[in-house]
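See structure below.
Derivation of every value follows stated rules applied to the coordinates shown; laboratory data play no part. These numbers come from a predicted model, not from an experiment. Methodologically, a virtual Cβ is constructed for each residue, glycine included, from the backbone with ideal geometry; neighbour enumeration extends over all protein chains shown.
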Amino acid sequence: MQRPRFPAQLPEAKNRASVAKPQQSTGPAPAKPRSSLAASGSLPAGLGLDSPALRSRMLQKLVAQGVSDPQVMAAMAAVERHRFVDTALVNQAYEDTSLPIGWGQTISKPNVVARMLELLRQAAAGKMGRVLEIGTGCGYQAAVLSHLASEVYSIERIRGLHKRARDNLRALRLPNVHLLFGDGMLGFAPGAPYAAIIAAAGGDAIPQAWIDQLAIGGRIVAPMSAGGAKQALVVIDKSAQGIRQSVLEPVQFVPLKSGLA
Ligand code: SAH
């Protein structure tokens, strides 16, 4: 099994992923967090939010919606979702809703994140090994994943969002999260084989690169087109005998696009 070296020295060639470790800025002094929220770790006065209380209400709702994996619940409890949304949206950070994160993209609903992580973990006994996330977005799900996997490789095709995720995650100091700028449709071969692959954007089919980069015994959880504008959650399990695909409930994700932006 080949392990990538980090920090990886990859040229920022087109269609090739480049790696940024959120806690190790090679540039000037680390950028100041975008809002006083992130800087203080607490909420600004006047917003009337009690983050731990709201987060525990969010968790209660997840349980009511059928989330039962204690590890997933603990990971969701550990990550402050309000750190990942604009100050103007902080009031909605713990609602069960998707929220805009810029560049026309959205952070997924908490119950969708929890559901997908539960599905991902079902294939693994205990902590997952290396996990590849397609679509870093604001970095929220990567932060949750960091509590469930030994290493998280998260790839984003929009440079602005990749940078934003880096800023969001820097303060959290998660040494096992590796942010990549690149086209996730190609996967990220240097980190393969992956115990699990999770996508936050849906295409017409599961790219062959993901299946190739998945370890035997590993699982892919991803949205996929179910005809027309419809999408469904798809689970792919890889065994020595081949792959098995299950199509689950309808979902709504942003489109999986090729190339960089
Ligand atoms: N997990 C994210 C959700 C982001 S939305 C979060 O917690 O915020 C899905 C993201 O997938 C978008 O940012 C979009 O730009 C990205 N995306 C779409 N196609 C992609 C591709 N081929 N490679 C990498 N990222 C992609």
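Using the Cβ-Cβ distance between A205 and N91 with R0 set to 30 Å, the FRET efficiency works out to roughly 0.20.
Given 4 °C and 1.567 mPa s, compute D for the stretch 126-261 with the Stokes-Einstein relation, Rh being the Kirkwood radius over Cα pairs; round to the nearest whole µm²/s.
Values: Rh = 14.9 Å.
It diffuses with D of about 87 µm²/s by this estimate.
When the chain is fully extended, how far beyond the present Cα-Cα distance does A74 get from D212, taking 0.36 nm per residue of separation?
Working: separation 138, 0.36 × 138 = 49.68 nm, distance 3.10 nm.
Between A74 and D212, full extension yields an extra 46.6 nm.
Give the relative contact order (percent, whole number) for the stretch 159-236; include only Cα pairs under 8 Å separated by 6+ residues. Don't skip to the end; give the middle numbers.
Values: 93 pairs, mean separation 18.5, N = 78.
That works out to 24 percent.
Averaging the sequence gap over all C-alpha pairs within less than 8 Å and six or more residues apart, then dividing by the number of residues, gives the stretch 50-255 a relative contact order of 15 percent. For the stretch 138-196, a/c is not less than 1.5, where a ≥ b ≥ c are the root eigenvalues of the C-alpha gyration tensor, and a/b does not top b/c. That puts it in the oblate class. Straight Cα distances below 16 angstrom link K127 to the aspartates and glutamates D69, E118, E151, with same-chain residues fewer than 8 positions distant left out. Taking the Cα atoms of the stretch 57-164, the ratio Rg/Rh between the radius of gyration and the Kirkwood radius comes to 0.95.
Subtracting the Cα-Cα distance of S246 and D50 from 0.36 nm times their residue separation leaves 66.6 nm of extension gain.
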